Amino acid sequence: MSTQQALDGRVAIVTGASRGIGAATARALSSAGAAVVLAARDADALHALAAEIEATRHERLRVVAGDALDRATIDVVLPGHTAVLSALGATTRARTTIYSRGTANLCRSMTAAGVRRLVCLSFGALDSGAGTPAAQRLVTRLIIRPPHRHAYADMRRMEDELAADDRVDWTVVRAPMLTNGPHTGAYRFTHDGDRPLDRPTQISRADLADFVLGHLDDHALFRRRVSLSY
Ligand SMILES: NC(=O)c1ccc[n+]([C@@H]2O[C@H](COP(=O)([O-])OP(=O)(O)OC[C@H]3O[C@@H](n4cnc5c(N)ncnc54)[C@H](OP(=O)(O)O)[C@@H]3O)[C@@H](O)[C@H]2O)c1
């Protein structure tokens, strides 16, 4: 069965859809036949994306502008949805709760609406468990993490809270550096329990979206943290 057939009739909500990986995934979901709700705060960016998708693909789109830290934003659209993709991201390097509180709001709203499937994004730089090569651990600790320490701390909270939540079939996708490169479909991934990826480099937003679509119904990745990279 093609991805197009698999997603026809599905309804997905993408939070953080105004740009970046959220917008890339919304394009890919729409292209694969799903009806998509685009959510973020920047209404103009959401309407521009909706117009772009409608011009080239299909019309089953809805825009919901609002703050993910306000649970009411999501409550109004969730009934009837089959999956949620959260690409929420901190917009400054200051302390943030967008990952933990934003995701907790999503989980509460999903549970109330009977929606179970959630895919959300996190950082590959959180991968430094046993088995990670020493040089990779050092680069991550000394160079990659410090400027983004507040975002990492809140992503860690988000991941810990998800791990304790059995109401949602979540998958956390830990991404390395994201690029605007083309879709290739050629990348590696592992999940917790496997040996960590050796020397993760980067991945395009188009390939990350490809991964999300391809694994929306992959039960083997429910309640798993996945790392992927070229
Ligand atoms: N960029 C990278 O290299 C990289 C690498 C690994 C992981 N990641 C992670 O991947 C995710 C997406 O990355 P990206 O580069 O696509 O991020 P991005 O371009 O900064 O997009 C973040 C999205 O979150 C939305 N958002 C932020 N605060 C919000 C709020 N309070 N309410 C509703 N929406 C809110 C933004 O929309 P509005 O501002 O319109 O609300 C935007 O659509 C993030 O979790 C990021 O931390 C990024």
- Neighbours by Cβ (under 6 Å, 6+ apart or cross-chain): first from segment 139-154, of a type in the set (Phe, Trp, Tyr); second not in a helix (DSSP H, G or I): Tyr152/Arg145
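Each row is one residue, and each column tells you yes or no for (1) modelled with pLDDT of 90 or more; (2) more than 16 Å from the chain's Cα centre (by Cα); (3) loosely packed, with under 15 Cβ neighbours inside 10 Å.
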residue	(1), (2), (3)
Gly9	no, yes, yes
Ile21	yes, no, no
Glu52	yes, yes, yes
His58	no, yes, yes
Arg62	yes, yes, yes
Leu88	yes, no, no
Thr103	yes, no, no
- Note on the structure: Note on Phe189: of the conditions (1) under 18 Å from the mean Cα position of the chain (by Cα); (2) crowded, with 18+ Cβ neighbours inside 10 Å, unmet is (2)
- Query: Which of (1) within 16 Å of the chain's Cα centre (by Cα); (2) of a type in the set (A, V, I, L, M); (3) farther than 18 Å from Ser227 by Cα does Val76 not meet, given it meets every other one?
  - Reply: (1)
- List every residue pair whose Cβ atoms lie under 6 Å apart, where the two residues are 6 or more positions apart in sequence or sit on different chains, the first residue falls within segment 10-39 and is closer than 17 Å to Gly80 by Cα and more than 10 Å from the ligand (Cβ to nearest atom), and the second residue, located anywhere, is among the hydroxyl-bearing types (Ser, Thr, Tyr) and outside any strand (DSSP E or B). Arg10/Thr82; Val11/Thr82; Val36/Ser30
- Message: For the structure I just gave you, tell me whether His81 is part of a loop (DSSP other than H, G, I, E, B) and not aromatic (Phe, Trp, Tyr).
- Response: yes
- Which members of segment 117-128 meet the condition of being out of contact with any Pro (no Cβ under 9 Å at 6 or more places or on another chain), modelled with pLDDT under 95 and away from the ligand (no atom under 13 Å from the Cβ)? none
- Item | Sole exception among (1) in a loop (DSSP other than H, G, I, E, B); (2) out of contact with any Phe, Trp or Tyr (no Cβ under 9 Å at 6 or more places or on another chain); (3) in contact (Cβ under 8 Å) with a residue 60 or more places away in the chain for Ala68, by number | (3)
- Note on the structure: Taking segment 130-189 and keeping residues within 13 Å of the ligand (Cβ to nearest atom) and aliphatic (A, V, I, L, M) leaves Ile144, Ala151, Ala153, Met155, Met158, Val172, Val173, Ala175, Met177, Leu178
- Message: So Leu61 passes all but one of these: (1) touching a helix residue (DSSP H, G or I) at 6+ places or on another chain (Cβ under 6 Å); (2) under 30 Å from Pro146 (Cα atoms). Which condition number does it fail?
- Response: (2)
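Right, Ala125: surrounded by fewer than 19 Cβ atoms within 10 Å (Cβ to Cβ), under 16 Å from the mean Cα position of the chain (by Cα) and among the aliphatic types (A, V, I, L, M) or not?
The answer is no for Ala125.
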- Note: among Leu216, Leu208, just one is surrounded by 19 or more Cβ atoms within 10 Å (Cβ to Cβ), touching a residue at least 12 places away in the same chain (Cβ under 8 Å) and more than 16 Å from the ligand (Cβ to nearest atom), namely Leu216
- Query: Any residue at all in segment 66-76 that is more than 23 Å from Thr179 (Cα to Cα), away from the ligand (no atom under 13 Å from the Cβ) and surrounded by fewer than 20 Cβ atoms within 10 Å (Cβ to Cβ)?
  - Reply: yes
- In segment 23-39, residue surrounded by the most Cβ atoms within 10 Å (Cβ to Cβ) [restricted to those that are touching a Lys or Arg at 6+ places or on another chain (Cβ under 8 Å) and outside any helix (DSSP H, G or I)]: Val36
- Task: Could you list, in sequence order, all residues of segment 79-129 that are closer than 20 Å to Ser227 by Cα and among the basic types (Lys, Arg)?
- Result: Arg117
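The values are calculated or read from the model by the stated rules, or taken from the named source; none is laboratory data. Just so it is clear, the structure is predicted and the values come from calculations on it, not from any experiment. All Cβ positions, even for glycine, are placed from backbone atoms using ideal geometry, and neighbour counts span all protein chains on display.
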